[in-house]
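Right, one structure below, let's go through it.
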Ligand code: HEC
């Protein structure tokens, strides 16, 4: 008496489960792209390195290789809108901005600028920046030796200028 009833019931159960799995998967995929994970955008970013004396070449290098994490002018890639990569990208941007935000440079106290300038010099000379995972994806972000040199020279010049400017 169980004979034919079982397979039919099982089939129905299986279909139900399949439907459920499809719904769960769909919801999961939509959640991965939820605006909750989207990166924050800054409406009116301040001038990059405002108040600093920096030539177009060095500015171009910093804009290309550093500004995505160290300014409010981040050019977010599509994967910064999707989990799990959104977490990784947005973490780098958040921490990068906290440590040094070139869009807020003008408002930094002189001492902080001086310290950051020597930090920039150290980071590029040691090739710690741009972050390896970033340079790996953004092939054009890696710095050549002459670019490292140009940034280094600029940091020295700008530090001297700041120190001489002090009353
Ligand atoms: C992919 C994101 C990313 C890029 C691109 C990047 N940085 Fe960073 N940077 C960070 C993060 C994150 C930190 C904080 C690291 C930590 O706390 O260990 C940091 C820290 C720093 C610091 C230390 C600031 C301090 O408080 O001492 C300096 C200086 C710096 N970066 C300079 C640069 C320069 C110059 C470039 C471009 C050549 C660059 N970074 C590119 C993410 C980035």
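Out of region 83-103, which residues are crowded, with 18+ Cβ neighbours inside 10 Å, part of a helix (DSSP H, G or I) and more than 7 Å from the ligand (Cβ to nearest atom)? Within region 83-103, 86, 89, 90, 97, 102, 103 meet the criteria. Filter region 138-152 for residues that are assigned to a helix (DSSP H, G or I), over 21 Å from residue 165 (Cβ atoms) and more than 9 Å from the ligand (Cβ to nearest atom) and give the result. 139, 140, 145, 146, 149, 150, listed by residue number.
Which members of region 107-137 meet the condition of being over 20 Å from the mean Cα position of the chain (by Cα) and assigned to a loop (DSSP other than H, G, I, E, B)?
Residues satisfying the conditions are 108, 109, 126.
When you look at residue 73, is it part of a loop (DSSP other than H, G, I, E, B) and more than 23 Å from residue 139 (Cβ to Cβ), yes or no? When the stated conditions are applied, residue 73 does not pass them.
Of all the residues in region 132-156, those that are within 15 Å of residue 64 (Cα to Cα) and either surrounded by 14 or more Cβ atoms within 10 Å (Cβ to Cβ) or not assigned by TED's automatic domain parsing to the domain that holds residue 59 (or both) number 10.
Select from region 105-127 the residues that are in contact with a helix residue (DSSP H, G or I) (Cβ under 8 Å, 6 or more places away or on another chain) and within 13 Å of residue 65 (Cβ to Cβ) and list them in ascending order. Hits for region 105-127 are 120, 124, 127. Among the criteria (1) away from the ligand (no atom under 16 Å from the Cβ); (2) outside any helix (DSSP H, G or I), the one residue 23 does not fulfil is (2). Out of everything in region 35-70 that is surrounded by 12 or more Cβ atoms within 10 Å (Cβ to Cβ) and without any contact (Cβ under 8 Å) to a residue 40 or more places away in the chain, what residue ends up being nearest to residue 112 (Cα to Cα)? Result: 70.
The values are calculated or read from the model by the stated rules, or taken from the named source; none is laboratory data. Since this is a predicted model, take the numbers as computed values, not measurements. Ideal geometry is used to build each Cβ from the backbone, glycine not excepted, and the neighbour counts take in all protein chains shown.
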